[in-house]
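Below is one structure, written out as structure tokens, with a few remarks after it.
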């Protein structure tokens, strides 16, 4: 079997994996990064989710390299797209003018910018990217991973990847069970964590946040782009969970904070929240007349959250059923929108809605390459971030817990979508927080680091540590940590345990543009 060697192997090329590869390469390390799909970038690309960010993102609260990515997206539009003079003059250009983010953009632009950032290291051979490869086995000796075996999803060819440090940047923490790393899934109990919003009985390891299979749409009035009726449409058309105020496929949703009924509409309508504008990635008014026939919106809406079962920690047959179920729900939502959705004028259906599979990579079904993953396997860590460390109701005016071993910062509400255990939204205020190094250190394994949503957080705190800029910071910190340990001939756990090493590492992070503490700001 063919073997490849590097200083650092990053399994998974999502948002965190790309940040880790950049950090390690900039530190002089040779890197191999794998990616299961055709696109690196994860949430930003293959999952097709415009970045969820905090209110201060334009000024502070992210790493320098993440800001370079954001600036690169805007620069790409200015260089390659025929913007209107007004849009070109807008310093904080938002291509889609979506409500969810100050930077709603096309997945393909994110992909282009990520490759721009990585290209000097790819061209020099310092970074090798293996697309369409997923981990299938790991060779472990004691507390060390000696190698990881990956398989091509196209040819079935297998490779053995060897490196002193292995980073798990997969969307679901796929490397953890293969390597025998201690990990947690689902919802911990209050007995375990003491968290006010943890489940009150026994832990529920299969109780995980919903996944969503995103897609892009435009709208051409007067045309008919109705898709064939999805196989599971009749089921989803009638489905209503006990905690819903109406059928899932309806214009009545649930306010995530108050849990009261919330009225939605497709386009702006008085008394309803417009979903079209929510994650719009192209506002045609930003571009020269005729560039786009329509706005393009990215559909990641409450009606497509799939919670009927998890896609990890179950048999492959069960996981495949739920992956297909999530796709069927998304297609059923589209078909309902095209054929049966009530319109303000008293009619039904918007047949002019056109599925834009080209926007998400020309997939066979027109949906994103990979489902949007909100919750992963999580390492059992030296330190686990709890609700008590970051929740506004618990911490009050004291601010979030200050961690002596901070390797970055983030901010987002504790935002949990309905779950496979039948739980409704949990959406509570949190305080701008730090990322502790202890949460990146497995309790036992010495040379594996998490670089995605698989760090030492709980079902509850995952709700605020899972978003784009935080995942980027986690991956970047992991990449720099592995490089630092190689350069100092030390180990990740020793960095946290030795005050001098920790200070040197944190100084390195600051020099690299990673903020370790927040100025005084308010809860979100």
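Quick look at the values:
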{"read-out": "Per-selection Kirkwood Rh - the stretch 131-185 (Cα, Å, 1 d.p.)", "value": "11.7 Å"}
{"read-out": "Mean Cα-pair separation over length for the stretch 215-360, i.e. relative contact order, pairs under 8 Å, 6 or more apart, %", "value": "36 percent"}
{"read-out": "Three-way shape label, the stretch 1-138, alpha-carbon gyration tensor, a/c 1.5", "value": "prolate"}
{"read-out": "Percent of C-alpha pairs per 5 Å bin, the stretch 215-360, short to long", "value": "2, 9, 16, 21, 20, 15, 9, 5, 2, 1, 0"}
{"read-out": "Cα-based Rg and Dmax for the stretch 295-453, where Dmax is the largest Cα-Cα distance (Å)", "value": "20.2, 63"}
{"read-out": "Residue exposure sequence - 58, 221, 515 - by fewest surrounding Cβ within 10 Å", "value": "221, 58, 515"}
{"read-out": "0 to 90° range, to nearest 10: angle between helix 107-124 axis and the chain longest Cα axis", "value": "30 degrees"}
{"read-out": "Degrees, to the nearest 10: 64-80 long Cα axis against longest axis of the chain", "value": "40 degrees"}
{"read-out": "Degrees between helix 316-339 axis and first principal axis of the chain (Cα, 0 to 90, nearest 10)", "value": "30 degrees"}
{"read-out": "Fewest-first ranking of 91, 518, 472, using other Cβ atoms within 10 Å as the exposure measure", "value": "91, 518, 472"}
{"read-out": "The stretch 378-490, Cα convex hull volume normalised per residue, Å³", "value": "95 Å³"}
{"read-out": "Equivalent ellipsoid, the stretch 373-436 (semi-axes from 5 times Cα gyration tensor eigenvalues, Å)", "value": "22, 16, 10"}
{"read-out": "Footprinting exposure proxy for 62, 452 (fewest neighbouring C-beta atoms within 10 Å first)", "value": "62, 452"}
{"read-out": "Per residue convex hull volume, Cα atoms of the stretch 188-290, in Å³", "value": "192 Å³"}
{"read-out": "Binned Cα-Cα distances of the chain, short to long, each 20 Å bin given as a whole percent", "value": "23, 58, 19, 0"}
{"read-out": "MRE, 222 nm, helices only [DSSP H, n ≥ 4, -39500 (n - 2.57), over the chain, to nearest 500]", "value": "-8000 deg cm²/dmol"}
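None of the figures in this text is laboratory data; all of them are computed from the coordinates on show. This structure is a prediction, so every number in the text was calculated from the model and none was measured. A quick note on method: Cβ atoms are made from the backbone with ideal geometry, for glycine too, and the neighbour counts reach across all protein chains shown.
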